[in-house]
Structure formats: structure tokens, C-alpha cells
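Just below is one structure, and these are the notes that go with it.
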Amino acid sequence: MALDDAVRQEISQLIESHPVLLFMKGNRRSPQCGFSATVVGILDSVLPEYHTVDVLSAPHIREGIKEFSSWPTIPQLYVRGEFVGGCDIVQEMLGTGELYEALGLEPVEVVQPKIEVTPVALAALEQAIAEHGGAGRELHLSVDATYQAHLSIAPRTRADVEAIAPGITLLLDPISASRADGIRIDVADTPNGQAFRVDNPNAPRVQTMTVRELRAALDAGDPMELLDVRTPEERAIAAIPGAVLLNEMVAARIESLPRDTRLVLHCHHGGRSQQAAEQFVALGFTRVYNVVGGIDAWSQEIDPEVPRY
């Protein structure tokens, strides 16, 4: 059956509108099949942002994309308007390094990370493997673009890297391996019972910036988003030139920016801005700064005409 013109146009517009587009079952946060989950895991490990289309909620797209791409299965990945392939091809391209080139990324050097597993975590992992492993399924650790770690049990692939983890076999994809050296896996008590805790020393953290460093950066015209996290009432009393009050509209705009955008946050003394900065780091931003001493330090060290309160 020929592909309906309206469906063809809809698919074409989706592909043209998104540099990286994945037609999948489910969505990025909740894949509904193992193949879709695999491709999402790979993309999450290299890209902070990409678009997905849930074909389960759009049956006309589900059938139409197969004919459009001349490819019989889902998921299907498109990059800059070009069809890349399905799950097997994406996995193979990850292993050969071709995926980085297709996505316009610098290749990742394959490293063998050293990972510490505490005795209590080792016992819990061995129990999980005994219950859910078998038939070629092994323990995997993935570290996504926001440095969030995820443990799973799945078949080994050709691209997997085996970590140096005494007492247990732990597999990672090459990109996760580059982010995992020094990770420590433990078990922690939570309100819902015990859970694995993965501490990653490589994860981005909030950095500090003095008011003198901020002044120098502003004078030099360095690109940044300078955000004021105080209340409108406080801002009416005193403000740093160039700072933008962080409200819902501004927050939505910031969240749409590339994750390497330089974010500089300030409040009155630095406490509230530290908390806000940590939230942006959790969203995957890698260059987040908190102004030490806040606007009060600015008034004392940089511009005494800015009122103190």
C-alpha cells in the first residue's frame, strides 16, 4: 500500500525539524521495548538533547515510517535528515566509533575504568545476577550525559568495555566507561528500602566565582547567563547590572540551552543561589557557578553604590 501523502509530509516535517530524531516505542523516559531502550541508552550517553516520537501513540506514524525509511522495524534513528538505522546498526556504529562522526561529536577514547564495589553492594549485585541473569545476561553500568548512573542486567554486546572491579564482571558502553573511572558502588537506606548508591567523582559540580572574577568576566564580555535568584522585592532594592531575575519563563529558556552554556547565579549571600545552581547541574549543565557572598559581597567589594540590606 502506498504511503499516504499527508503521513509522508508529517514524517518529513518531523525529520526536518529535529537534528536528531528517534522513532521509538514509548518515550525517552519510558521506553516500551528493549530495542528502543537500548538506543535511548546509547543516545543518552552522548547527547543531552534529542527528540523522540512515540509510534505507539501514533499508529499512522508507526506504519508510515517503515515504508518511508524502507526499514521494517522500530526504533529508527535519523540524524540531520538522514536515516541512520535501527538498534543493531546504532550499536555497531557505537562500537566502531562511526556514531560519533554521524552525530558530529569528537570520538571517545576507549578506557577501562576502575570501579570500587563495597562488600555489601557486591553481595546485593551477586544476588541480583543470580535472580535475573543467565542466558548470556550480565551486569551493566551506564553513565548518561548528565552523569547519572544506571545498573541493569542485559546481554553483552561487542562494544562493551569490562571494568576493573574486583570480585564481579561489570560491563559498560565505551562512552559510559570514559565517565566512570573512580566510581564507587554502595548500598544506602531509603524510605523505600535499600537501594544501590553510585558515587561518581567525575560528575559536574557547582563551581565558585568571586565577585571580582565576575566583574572581570563582565568587563571582558565573556558569554554567560547571569541569573539572580532573589525575590522581585529584593531585586527592586539592589541589582547587579546584566543579571536577569530567574522566574519560570527564564528558567524554561535556560533549560532549552546547550548544556555547556556558562551559568552564573547569585542571591543575597550565596545560599539560595547554591541550591539553584545544584538543580541546574542535575539537569546536565556542566559549567555552573555560584557567586560567593552574593550581591552583598558585590556591594562591599565592587560597587558601594549598590545598596546593602
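No lab work stands behind these numbers, since they all come straight from the coordinates. Note that the coordinates shown come from a computational prediction; the quantities given were computed from them, not determined experimentally. Cβ: placed from backbone, ideal geometry, glycine included. Neighbour counts: every protein chain shown.
Going by the conditions given, is ARG205 touching a residue at least 60 places away in the same chain (Cβ under 8 Å) and in contact with a helix residue (DSSP H, G or I) (Cβ under 7 Å, 6 or more places away or on another chain)? So ARG205 fits the description; yes. Going residue by residue through the range 171-178, is there one that turns out to be touching a strand residue (DSSP E or B) at 6+ places or on another chain (Cβ under 8 Å), assigned to a helix (DSSP H, G or I), crowded, with 21+ Cβ neighbours inside 10 Å and among the small types (Gly, Ala, Ser)? The answer is yes, given that some residue of the range 171-178 is touching a strand residue (DSSP E or B) at 6+ places or on another chain (Cβ under 8 Å), assigned to a helix (DSSP H, G or I), crowded, with 21+ Cβ neighbours inside 10 Å and among the small types (Gly, Ala, Ser).
Note on the range 81-112: among residues that are touching a strand residue (DSSP E or B) at 6+ places or on another chain (Cβ under 7 Å) and touching a residue at least 60 places away in the same chain (Cβ under 8 Å), the one that is farthest from TRP71 (Cα to Cα) is GLN112. Any residue in the range 16-31 that is more than 22 Å from LEU151 (Cα to Cα), among the charged types (D, E, K, R) and not in a loop (DSSP other than H, G, I, E, B)? Looking through the range 16-31, at least one residue is more than 22 Å from LEU151 (Cα to Cα), among the charged types (D, E, K, R) and not in a loop (DSSP other than H, G, I, E, B). Please work out if ARG215 is in contact (Cβ under 8 Å) with a residue 60 or more places away in the chain and closer than 30 Å to ALA121 by Cα. Here the answer is no, as ARG215 does not meet what is asked. Considering only the range 229-267, how many residues are touching a residue at least 40 places away in the same chain (Cβ under 8 Å), more than 23 Å from THR208 (Cβ to Cβ) and of a type in the set (D, E, K, R)? So the answer is 0.
Counting only residues that are hydrophobic (A, V, I, L, M, F, W, C) and under 22 Å from SER45 (Cα atoms), how many does the range 118-150 have? Number of matching residues: 5.
Restricting the range 72-125 to residues that are hydroxyl-bearing (Ser, Thr, Tyr) and over 23 Å from GLY26 (Cβ atoms) leaves a set whose member that is surrounded by the most Cβ atoms within 10 Å (Cβ to Cβ) is TYR100.
Cβ contacts < 6 Å: first residue free of Cβ contacts under 8 Å to residues at least 60 places away in the same chain, restricted to the range 153-166; second residue of a type in the set (Gly, Ala, Ser), any location; separation 6+ or different chain. Result? Close Cβ pairs satisfying both conditions: ILE153/GLY133; PRO155/GLY136; VAL161/ALA177. Looking at GLN148, GLN76, GLN127, can you tell me which residue is closer than 20 Å to SER36 by Cα and either without any contact (Cβ under 8 Å) to a residue 12 or more places away in the chain or among the β-branched types (Val, Ile, Thr) (or both)? Only one candidate passes the filter, namely GLN148.
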